[in-house]
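The values are calculated or read from the model by the stated rules, or taken from the named source; none is laboratory data. This is a predicted model, so every value here is computed, not measured. Neighbour counts run over all protein chains shown; Cβ positions are idealised from the backbone, glycine included. The protein model used for the area step is the full one, side chains on, heavy atoms only, and it has no ligands, DNA or RNA in it. Shrake-Rupley method; radii C 1.70, N 1.55, O 1.52, S 1.80 Å.
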Amino acid sequence: MPAMITISRRPLRGRVPGMSQPFKLTRIPRLKTAEAFRSHVASLGIDLPCEDSIESGPGAVIASPVPHAQISGKTIGNRIAIHPMEGWDGTRTGGVTDEMRRRWERFGESGAKLICGGEAMAVRADGRANPNQLIIVEENRQGLRELVEILKQSHSERYGTTDDLVIGFQLTHSGRFCRPNDNAVYEARVAFRHPILDPKFKVKSDEQVWTDDEIRELIQCYIRAAAIARDVGADFVDIKHCHGYLLHEFLGAHTRPGEFGGSFENRTRILREVIQGIRSSGNDIDFAVRLSTFDKVPHRPDPELSRPGKLGPGIPEDFSNCLPYEYGFGVNPDDPTQIDLEEPFKFVDLCSALGVKILNTTAGSPYYTPHIQRPAAYPPSDGYQPAYDPLIDAERQMQVVKQIKARVGDRMAVVGSGYSYLQEFLPHVSQYVLRHGWADMIGLGRVVLSYPEILADAAKKGEMTPRKICRTFSDCTTAPRNGIISGCYPLDPYYSKRTEAVEVKAAKKRMGAS
């Protein structure tokens, strides 16, 4: 039987079944106590535990090490992980800039003991999702070394040691989402033809589908990139399998013929050959995988509830002509609005067998299912309004990760995602998750753009600084979607004072995302 997970309410057209009124969002800052948060969670019919107070001091569970995760001979010193975060702000040759240096410095200041990828690094120039993405090639070797040194120095100055700090590089090819030369021009290379996504991302010809020989060449690029990562001081490489980027797309290549499509064995061949190739080259670097553990059919704004200057809530694209749905991973083929964990479980077992030590979990894609990947109160300019409370999506990720952690035990360190939306209650929920073994680590993404040390503050002081907490305005995504560098424009003065801040506001207004 398929391993499926469902939620208690299935929203449709901005309404929740059983309710007579359209959905109205309860914003997290209005919930003044843990009891109020729990009461609201109960009203949603979901399982999202929240502890009463923030635990602080050396005995705090957030501050405890991860003893079963030995990476490059080091034990990860606490339970805080930083997800890979691009700024769309490298040089046109994929090199390092001052904005990038500042971001990596702040990663060090965060107090996190696991830097789970730094940022997505294209393994070759044509694999960039934007013309300013970092490229992990020989010409950029020294800049990458500098980023590692900046991060370590920043961490050492604030926290005293880097002996328990573990740093990884995320290796990627953007595949369907490639825009290596112009932010406005997709140059997609895909694993297979997709009846819903092809029109959106300008896939018009079978010539845009990778050949098996081209994939073999690409595998060599990953092997060379891993050698550079090891040389410049990375403790591991994250072989990215998430968010619809190329290797994640290959996991859903059910309709593809040849050695890299069809069967589960073929669809996972790239990961096996990359890891085997890195080891055969004599490189002893450790491995992580960031995995979209489940997905859904692409979504769009509901046209019946959209109007000029106002996006509608997200609804599934019409998939009636695509059944059984053979174009995804972790999706029920008979109903792609639902999750099927049978193959994700098999993939996690494969990762363990291949010696992968860190599994960094996520879900969906920011390009076609942002609500399940990044629960948010405010959509990016190319997204849609929430159709129901985003806590439902945050909880869904946690429940899936709980099942995965129960399956793998201590064979891998499992990092949870989707926590930014919790805001004031981030540490309260995180403590429960860690204490009860739902995950080994709490992964933080966009929230650290405004407040890098949010969980470190909580674990040390028992409190956070409310004015610095991310409110999921999504400006950090709206900006790059419009060819502007990413950053926290509402809360980080470094970005709010830039001229680009005006452009971001205009883009939001133009698309109805504000």
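With 226, 253 as the choices, which residue is part of a helix (DSSP H, G or I) and at pLDDT 95 or above?
The conditions single out 226.
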Item to check | Listing of strands (runs of 3 or more DSSP E) fully contained in segment 4-99 that carry 2 or more residues being at pLDDT below 95 | outcome: 66-71
Next on the checklist: If I filter segment 97-104 for residues that are touching a Phe, Trp or Tyr at 6+ places or on another chain (Cβ under 6 Å) and either surrounded by fewer than 23 Cβ atoms within 10 Å (Cβ to Cβ) or of a type in the set (D, E, K, R) (or both), do I get at least one hit?
Outcome noted: no
Checklist outcome for this item: When every residue in segment 319-341 that is farther than 13 Å from residue 252 by Cβ and in contact with a Gly (Cβ under 9 Å, 6 or more places away or on another chain) is compared, the one surrounded by the fewest Cβ atoms within 10 Å (Cβ to Cβ) is 341
Next on the checklist: Here is a check on your reading of the model: is residue 249 of a type outside the set (A, V, I, L, M, F, W, C) and either over 24 Å from residue 189 (Cβ atoms) or open to solvent by 60 Å² or more (accessible area, probe 1.4 Å) (or both)?
Outcome noted: no
Item to check | Filter result (under 19 Å from residue 366 (Cα atoms), charged (D, E, K, R) and assigned to a helix (DSSP H, G or I)) within segment 185-208 | outcome: 198, 200
Item to check | Residue in segment 414-445 that is nearest to residue 67 (Cα to Cα), counting only those that are touching a Phe, Trp or Tyr at 6+ places or on another chain (Cβ under 8 Å) and buried (at least 23 other Cβ atoms within 10 Å of the Cβ) | outcome: 442
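Yes/no per residue for (1) open to solvent by less than 10 Å² (accessible area, probe 1.4 Å); (2) on the phi > 0 side of the Ramachandran plot; (3) outside any loop (DSSP other than H, G, I, E, B):
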| site | (1), (2), (3) |
| --- | --- |
| 271 | yes, no, yes |
| 274 | yes, no, yes |
| 279 | no, no, yes |
| 284 | no, no, no |
| 290 | no, no, yes |
| 297 | yes, no, no |
| 304 | no, no, no |
| 315 | no, no, yes |
Item to check | Those residues of segment 460-469 which are at negative phi, touching a residue at least 40 places away in the same chain (Cβ under 8 Å) and open to solvent by 10 Å² or more (accessible area, probe 1.4 Å), in sequence order | outcome: 460, 461, 463, 464, 466
Checklist entry - Which residues, taken from segment 488-514, are over 25 Å from the mean Cα position of the chain (by Cα), open to solvent by less than 60 Å² (accessible area, probe 1.4 Å) and within 29 Å of residue 313 (Cβ to Cβ)? => result 506
Checklist entry - Which members of segment 271-321 meet the condition of being among the β-branched types (Val, Ile, Thr) and under 30 Å from residue 233 (Cα atoms)? => result 274, 275, 278, 285, 289, 293
Checklist entry - If the Cβ limit is 8 Å and pairs must be 6+ apart or interchain, which residue in segment 294-306 that is in contact (Cβ under 8 Å) with a residue 24 or more places away in the chain pairs with which residue that is crowded, with 21+ Cβ neighbours inside 10 Å and among the charged types (D, E, K, R)? => result 294/340
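Is it true that residue 372 is buried (at least 24 other Cβ atoms within 10 Å of the Cβ), modelled with pLDDT of 95 or more, at negative phi and hydrophobic (A, V, I, L, M, F, W, C)?
Criteria met by residue 372.
For segment 254-267, state whether one or more residues are within 22 Å of residue 233 (Cβ to Cβ), surrounded by fewer than 22 Cβ atoms within 10 Å (Cβ to Cβ) and either touching a Pro at 6+ places or on another chain (Cβ under 8 Å) or of a type outside the set (Val, Ile, Thr) (or both).
No, that holds for no residue.
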Item to check | Breaking point among (1) out of contact with any strand residue (DSSP E or B) (no Cβ under 8 Å at 6 or more places or on another chain); (2) open to solvent by 10 Å² or more (accessible area, probe 1.4 Å); (3) of a type in the set (Ser, Thr, Tyr); (4) touching a residue at least 24 places away in the same chain (Cβ under 8 Å), for residue 478 | outcome: (2)
Next on the checklist: If the requirement is being open to solvent by less than 30 Å² (accessible area, probe 1.4 Å), touching a residue at least 12 places away in the same chain (Cβ under 8 Å), among the small types (Gly, Ala, Ser) and farther than 20 Å from residue 439 by Cα, which of these qualifies: 60, 34, 69?
Outcome noted: 34
Checklist entry - Could you say whether any residue in segment 152-171 is β-branched (Val, Ile, Thr), closer than 19 Å to residue 328 by Cα and either in contact (Cβ under 8 Å) with a residue 24 or more places away in the chain or not in a loop (DSSP other than H, G, I, E, B) (or both)? => result no
Checklist outcome for this item: The condition of being under 18 Å from residue 359 (Cβ atoms), open to solvent by less than 10 Å² (accessible area, probe 1.4 Å) and not small (Gly, Ala, Ser) holds, among 215, 239, only for 239
Checklist entry - So which helices (runs of 4 or more DSSP H) are wholly in segment 340-409 and hold at least 2 residues that are farther than 30 Å from residue 283 by Cα and among the charged types (D, E, K, R)? => result 391-408
Checklist entry - So which residues in segment 400-456 are farther than 22 Å from residue 466 by Cβ and among the basic types (Lys, Arg), if there are any at all? => result 402, 405, 407, 411, 435
Checklist entry - With 188, 184 as the choices, which residue is free of Cβ contacts under 8 Å to residues at least 24 places away in the same chain and either surrounded by fewer than 19 Cβ atoms within 10 Å (Cβ to Cβ) or over 28 Å from residue 65 (Cβ atoms) (or both)? => result 188
Item to check | Hits in segment 151-172 - residues which are touching a Pro at 6+ places or on another chain (Cβ under 8 Å) and buried (at least 23 other Cβ atoms within 10 Å of the Cβ) | outcome: 170
Checklist entry - of a type in the set (D, E, K, R) and either in contact (Cβ under 8 Å) with a residue 24 or more places away in the chain or surrounded by fewer than 16 Cβ atoms within 10 Å (Cβ to Cβ) (or both): does that describe residue 349? => result yes
